[in-house]
1. What number of residues within the stretch 141-172 satisfy the criterion of being surrounded by fewer than 17 Cβ atoms within 10 Å (Cβ to Cβ), farther than 30 Å from Gln98 by Cβ and not charged (D, E, K, R)?
2. Within the stretch 521-551, track down each residue that is part of a helix (DSSP H, G or I), in contact with a Ser or Thr (Cβ under 9 Å, 6 or more places away or on another chain) and of a type outside the set (Val, Ile, Thr).
3. Out of (1) among the β-branched types (Val, Ile, Thr); (2) more than 30 Å from Gly278 (Cβ to Cβ); (3) assigned to a strand (DSSP E or B), what's the single condition that is false for Thr215?
4. Can you find a residue that is out of contact with any Gly (no Cβ under 6 Å at 6 or more places or on another chain), assigned to a helix (DSSP H, G or I) and in contact (Cβ under 8 Å) with a residue 60 or more places away in the chain anywhere in the stretch 433-450?
5. Of the conditions (1) in a strand (DSSP E or B); (2) assigned by TED's automatic domain parsing to the domain that holds Gln341; (3) farther than 27 Å from Gln388 by Cα, Thr259 satisfies every one except a single condition; which number is it?
6. Of the residues in the stretch 381-417, how many are of a type in the set (Phe, Trp, Tyr) and either surrounded by fewer than 18 Cβ atoms within 10 Å (Cβ to Cβ) or without any contact (Cβ under 8 Å) to a residue 40 or more places away in the chain (or both)?
7. Select from the stretch 313-325 the residues that are surrounded by fewer than 20 Cβ atoms within 10 Å (Cβ to Cβ) and either over 13 Å from Thr396 (Cβ atoms) or modelled with pLDDT under 95 (or both) and list them in ascending order.
8. For Ala274, state whether it is in a loop (DSSP other than H, G, I, E, B), surrounded by 16 or more Cβ atoms within 10 Å (Cβ to Cβ), at pLDDT below 95 and in the same structural domain as Phe162 (by TED's automatic domain parsing).
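The values are calculated or read from the model by the stated rules, or taken from the named source; none is laboratory data. Quick caveat, the model's predicted, so the values are computed rather than measured. When we count neighbours, we look across all protein chains shown, and the Cβ atoms used for this are built from the backbone with ideal geometry, even at glycine.
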Amino acid sequence: MGKNENDAIAVDTSEEAISVTNSGLATVANSAVQGGYTGDQNIDIDPVALEGLINEYSSPNPTFSLTGGGLTAYRFRLDDESEWREEQVISIPIQLTQLTEGGHTIYVLGKDALGNWQPDDAAMTFQWTVDITAPVVQSLTDSFQPCNSISWTWNASETALFRYLIDNVSDNLPSGEYADITTVTQSTGDGIYYIHVQAQDMAGNESAVVTVQATLDNQPPNAAIHYSTTDPTMSAVTATLVPSETVTVSNNNGALTRTFLENGTFVFTFEDAAGNTGSATAEIDWISNYFQIVETLPQSPKALTQTTVFMDINYTNTQQDISLQGLGLRIHYPSQTLTYQGMSNILEPISSTASDQAETPGTDDGNLVTDRYIEIAWQDETLNWPGQSLPTRLCTVAFQTASDLLVGYTCTIIYQATQTHQGYLFSADPVSIEIQRFTLDVDANQAADALTDGLLIIRYLFGLKGGNSLIENAVDFQNGMRTSSENISAYIQRGKSYLDIDGNTRSDALTDGILILRYLFGIDEGDNLINEAVDPNGTRSSSDDIKTYIESLIE
């Protein structure tokens, strides 16, 4: 059957869907899939070709709609199928499902109302590609080395567009339009930064979000200086750099420490892992051969609760120079545990009498516990101080311990100088007072001994309660922590009730004193211990009871 001019095919490519209209032949439109077609659409007329491809990517489930004037049916085959599929009326679309990934071709023949079919070799042909595989973002890795700036570059497993987000949150997601971008730089900020990248391929498949991190550091490193001592000293002082992060020292031969043999300054320069630089200055001005020195006797006194402790404050200087201008002194103490009782044996003349005051911001010694101080000063404008051989006693200071302190509790007394002779530094070790239970170790030399402690106790019980008559030839001055007659007398007085060895409510020289002395001499059993030295009315009268009680008073 022949065809006239009205049988020519009109092609409309202005819209995304392709429409091929033929008054006597099939029209194939693609609503879900776009693609190119080839083939002769006429019977006995010249073929019509559709030029160009609208989109070469598609879904695995395309639908083709067919229209055409005078057409009543169609049939098609897909890819390599050898047989045409069953004839369908023109109003039923072609619906394909679960196509495999890759290229596909559909061939369509139309039938007109007179029952004429296009020849097989003139079938309209559409070609497209199915893509359902998501792209994979590649080439991004974590960077744990601190840096000032980080540049990230990425790509994908196939042609794709990208979107990204940079923030400080590890699990955020990027949003917005995809663009042709594959690199970005973060050059500001400090801390951990995350970049989240997502890809979209040409078929619209979206990748999983890939997140990596980098550590940015744009802050210069800081450092403190620690000194081996900040007390005035005649010895070398070591300054140690203590940085806020890991650094490399760029001077000082790379060392973190520097030893000073004399006063001076040194500037450490250093660099952190990100390349930021910093510096810290060590400055020392307390190395000297000229010191005014205060020493305390005893240096570490032991005391009972609610007992007066006497401390001799002695003075010397490194040059043994007795012709200086003087010394101003503050004695800081904790008022919660110690009560100032007064000062005696003061070296004359003084320029400022002893006064007990509360610490102020201007007089604080930096210790968190001490809160009060005693201030006293000696000054001689004629430069004749102290005017006597060294060492010499400046004064004796007395404190009373609180009543509620536990055995083993310690408190600290700290000295500061308010004035020194020109060119001299001041040095004084802190004093540590320890609370102990009462023991027979009266001179606190860590041993209860008959010829010292025993003699001191029996002298006291005989009424020799002070001065040289109490302590003469009975104190271990070399090892004892309680050696003055004032401290020994106060100690025995506070613990006198413990000296009631036989439990008769009295502490007597001829009973309790003899029992203590015998035991300390090694006479510690049977009648040899208690003979004619025990009050039969006491609660402890047997040698075993006496021995057990005395042993409880020995550390």
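1. Matching residues across the stretch 141-172 total 12.
2. Answer for the stretch 521-551, where residues must be part of a helix (DSSP H, G or I), in contact with a Ser or Thr (Cβ under 9 Å, 6 or more places away or on another chain) and of a type outside the set (Val, Ile, Thr): Gly526, Asp527, Asn528, Leu529, Asp545.
3. Thr215 satisfies all of (1) among the β-branched types (Val, Ile, Thr); (2) more than 30 Å from Gly278 (Cβ to Cβ); (3) assigned to a strand (DSSP E or B) except (2).
4. Among the residues of the stretch 433-450, at least one is out of contact with any Gly (no Cβ under 6 Å at 6 or more places or on another chain), assigned to a helix (DSSP H, G or I) and in contact (Cβ under 8 Å) with a residue 60 or more places away in the chain, which makes the answer yes.
5. Every listed condition holds for Thr259 apart from (2).
6. Matching residues across the stretch 381-417 total 1.
7. Listed by number, the residues that qualify are Thr316, Thr318, Gln319, Gln320, Asp321, Ile322, Ser323, Gln325.
8. no
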